[in-house]
Amino acid sequence: MMKKLLSACLLSSALLAGCGETNEADVEGCEHLQEGPNSAVTATASASGAPAVSNDHKRYDITLPAGSGGNVGSVSFAVAEASDYVFFLGSNVPLKVTNASGQEVEFEESATKSDQCTEVKGRYVAPLQVGTHTLTFGPTSESSVSLVIEETAHDHEH
């Protein structure tokens, strides 16, 4: 009986430890969507010359330019360390991530909410390699979107 109880405890601990990184990212994403600090950015209609955003514990309030099928805009994100990154959006806006070669990056997860807060309207997890990526939002009827980027496993320093 003790062995079964010990096994159950160890399994529970392992499961909780495995979920901890994502929960930490969600806590961070919610905090920065709610409280900032924030930076205003105007996205470009194409990937060329797109303004930069970062995973620097900041909320980016991104204005999306009008397009023929709705508002669409791009920003760039330079990845210094290959890792999984979580993109938190304050509006339910489509997101596409492409690498430096123009290939679309497949999301490992996507959702329209987070259990940590109600401010998250889009939550995407993508495995990114070192290099500059393009984040494209839309098409959408929204004229702006708030973005917070968190690495799934990072040391937290503000």
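The values are calculated or read from the model by the stated rules, or taken from the named source; none is laboratory data. None of the values given here were measured: they were computed from a predicted structure. Methodologically, a virtual Cβ is constructed for each residue, glycine included, from the backbone with ideal geometry; neighbour enumeration extends over all protein chains shown. Each accessible area value is taken on the protein alone, full model and side chains, heavy atoms only, with ligands, DNA and RNA left out. Shrake-Rupley method; radii C 1.70, N 1.55, O 1.52, S 1.80 Å.
For segment 83-97, check the following and say yes or no: at least one residue is exposed (fewer than 14 other Cβ atoms within 10 Å of the Cβ) and of a type in the set (Gly, Ala, Ser).
No: zero hits.
Does at least one position in segment 102-112 carry a residue that is out of contact with any Gly (no Cβ under 9 Å at 6 or more places or on another chain), aliphatic (A, V, I, L, M) and not in a strand (DSSP E or B)?
Quick first cut of segment 102-112, residues out of contact with any Gly (no Cβ under 9 Å at 6 or more places or on another chain) only: 102-109.
Retained after the next criterion (residues that are aliphatic (A, V, I, L, M)): 105.
With the extra rule that they be not in a strand (DSSP E or B), the set shrinks to 105.
The answer is yes, given that some residue of segment 102-112 is out of contact with any Gly (no Cβ under 9 Å at 6 or more places or on another chain), aliphatic (A, V, I, L, M) and not in a strand (DSSP E or B).
Restricted to segment 122-145, and to residues that are farther than 20 Å from Gly49 by Cα and in a strand (DSSP E or B), which residue is most open to solvent (accessible area, probe 1.4 Å)?
Filtering segment 122-145 for residues that are farther than 20 Å from Gly49 by Cα and in a strand (DSSP E or B), the one most open to solvent (accessible area, probe 1.4 Å) comes out as Pro127.
Can you tell me which of Glu142, Glu81 is within 19 Å of Glu24 (Cβ to Cβ) and touching a residue at least 12 places away in the same chain (Cβ under 8 Å)?
Going through Glu142, Glu81 in turn, just one is within 19 Å of Glu24 (Cβ to Cβ) and touching a residue at least 12 places away in the same chain (Cβ under 8 Å): Glu81.
If a residue has to be at pLDDT below 95 and more than 17 Å from Gly138 (Cβ to Cβ) to count, how many in segment 38-54 make the cut?
So the answer is 1.
Read through the list (1) exposed (fewer than 13 other Cβ atoms within 10 Å of the Cβ); (2) free of Cβ contacts under 8 Å to residues at least 60 places away in the same chain, then give the number of the only condition that Ala100 fails.
Going through the list (1) exposed (fewer than 13 other Cβ atoms within 10 Å of the Cβ); (2) free of Cβ contacts under 8 Å to residues at least 60 places away in the same chain, Ala100 breaks only (1).
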